[in-house]
1. Restricting attention to segment 58-80, and to residues there that are within 16 Å of ligand 1 (Cβ to nearest atom) and in a helix (DSSP H, G or I), which single residue is nearest to the chain's Cα centre (by Cα)?
2. Does Arg245 meet the test of being at pLDDT below 95, among the basic types (Lys, Arg) and part of a loop (DSSP other than H, G, I, E, B)?
3. What number goes with the only condition from (1) in contact with a Pro (Cβ under 9 Å, 6 or more places away or on another chain); (2) at pLDDT 95 or above; (3) buried (at least 18 other Cβ atoms within 10 Å of the Cβ); (4) more than 23 Å from Asp259 (Cβ to Cβ) that Asp293 does not pass?
4. Do you know which residues across segment 41-57 are more than 15 Å from ligand 1 (Cβ to nearest atom) and surrounded by 18 or more Cβ atoms within 10 Å (Cβ to Cβ)?
5. Can you go through Arg301, Arg227, Arg249 and tell me which one is surrounded by fewer than 20 Cβ atoms within 10 Å (Cβ to Cβ) and closer than 21 Å to Pro179 by Cα?
6. Residues to consider are Tyr341, Tyr357; find the one that is over 23 Å from the mean Cα position of the chain (by Cα) and not assigned by TED's automatic domain parsing to the domain that holds Leu121.
7. Quick check on Val414: is it hydrophobic (A, V, I, L, M, F, W, C), touching a residue at least 24 places away in the same chain (Cβ under 8 Å), under 28 Å from Arg213 (Cβ atoms) and outside the structural domain of Thr74 (by TED's automatic domain parsing)?
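The values are calculated or read from the model by the stated rules, or taken from the named source; none is laboratory data. This is a predicted model, so every value here is computed, not measured. Cβ atoms come from the backbone with ideal geometry, glycine included; neighbour counts cover every protein chain shown.
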Amino acid sequence: MQLPDIEFAHQAGESPTYDMLLACSRCATCLPACPSYAATLLETHSPRGRVQLARALEEGRLTASPKLLDALWTCLDCRACESVCPNGIHPGMLATEVRAGLQESMPFSRRIKRLILGPVLTHPLWLTSGLGMTRLFYQRTGLQHLLRGAGLLKPFGALARMDRFLPAIPRRTVRSRLPQVVPAVGEKKGRIGFFLGCAMNTIFADVTERSIRALTKLGYEVVIPRRVVCCGAPQESLGEMDLARKMARHNMQLFDDVDTIVTDCAACGAALKGYAALLDDTAAEAFTGRVQDFAEFVAPRMPAATLDLGAITYHAPCHLHHAQGVCKQPKTLLKRLCPGYRDLPEHERCCGSAGMYWALHPEISEDTLARKLRNIRSVDPRVVVTANPGCLLQLMGGREDGDTWDVRHISEVVDAALDKVMEKPEAGG
Ligand code: SF4
Ligand code: SF4
């Protein structure tokens, strides 16, 4: 596979908009929504605190320090504060932008992480190869089973955490299973592009195959461009703004011949819809307007069906609910398809996964996960549905003894419902 022509740049991003910093009225509406504030009860780790820190930096009243960097890096970028702020402030995005501007002040270890992770996460080939080796030498040999059973990873905190959240890796990626164009089932209603996220292509290949099959069962021919690279979300989060822009431009031109671009990864969808702000040009704006999340695309097209999955509930991924504003469609779909649907308290609150956050900030991640688990237990579901790879990993790996629920992507529910629709005998037949 030929790598796309992407240079690795490591320049700082632009400073945050000063007007936005001034617009904060310090009302505190955002504090109860913020997971890092709930875990630490520190004003510096709240949306309001981060806005004030960014303002002090901008006005020269503050210089970079380890405490300041910690306050900025512990933001999960969950965007929950944006959904409640009466003044339209984006503290999560501000934290990311300020981080980008402070690259040179970062501790050596974090700069090394940025220099390695930025480029390594750029191309799906790296992830595919790494996961393929993990599958072969760690999972297939039985080493994972052995280490888990004997509890040998427990003394190595980060490794034990990674192992806990690592599911069985499928043998084949979506790219190697499906052709570039998957034909519609039955009468063709249209042609759509599918953006293949890195984790969905690999760890959740079985899920994404079902997402694509479901779209074809709805009558759509699905084009899966082979040369897509990562959406750029991890690079943006690491402050690699120039690299993220190059990746965005590369991805955009691969979807020129389709009107709609669908993805089943909430984080990728948020990044793709963010290309307009990232690139600030009309082509990116037009591209952004064509992107839809899987549930957003399917909800208005889904035929009536009933699935008996028992008690089922929905956890909303932050990057779908807060970042994309896709709030009603997943719940509407599930309520229509599943008679056992139950609302999850605080369904829009982060689960603590947040990209690599679960590995980098385990205490806050665990606190956030614990609150999510308490809410799920209060509903006592058989199935928890979500729509993002990070949430799937967190909710699967986070289960404790006695937590018997299954975790599913919404496309698996939709695909099973469409199978039922297709099984129905023709009227009068
Ligand atoms: S960020 Fe928004 S919600 Fe939070 S204190 Fe400022 S104005 Fe209020
Ligand atoms: S994005 Fe999430 S973690 Fe960051 S400040 Fe807002 S609510 Fe807190």
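1. Applying the filter and picking the extreme gives Ala80.
2. No.
3. (4)
4. If the condition is that a residue be more than 15 Å from ligand 1 (Cβ to nearest atom) and surrounded by 18 or more Cβ atoms within 10 Å (Cβ to Cβ), then Leu57 is the only one that fits.
5. Being surrounded by fewer than 20 Cβ atoms within 10 Å (Cβ to Cβ) and closer than 21 Å to Pro179 by Cα holds for just one of Arg301, Arg227, Arg249, which is Arg227.
6. Result of the check over Tyr341, Tyr357: Tyr341.
7. yes
Every residue, every condition in (1) in contact (Cβ under 8 Å) with a residue 60 or more places away in the chain; (2) over 21 Å from Tyr357 (Cα atoms); (3) not assigned by TED's automatic domain parsing to the domain that holds Gly325, yes or no:
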{"site": "Cys24", "(1), (2), (3)": "yes, yes, yes"}
{"site": "Ala28", "(1), (2), (3)": "no, yes, yes"}
{"site": "Ala64", "(1), (2), (3)": "no, yes, yes"}
{"site": "Gly88", "(1), (2), (3)": "yes, yes, yes"}
{"site": "Leu94", "(1), (2), (3)": "yes, no, yes"}
{"site": "Arg99", "(1), (2), (3)": "yes, no, yes"}
{"site": "Leu102", "(1), (2), (3)": "yes, no, yes"}
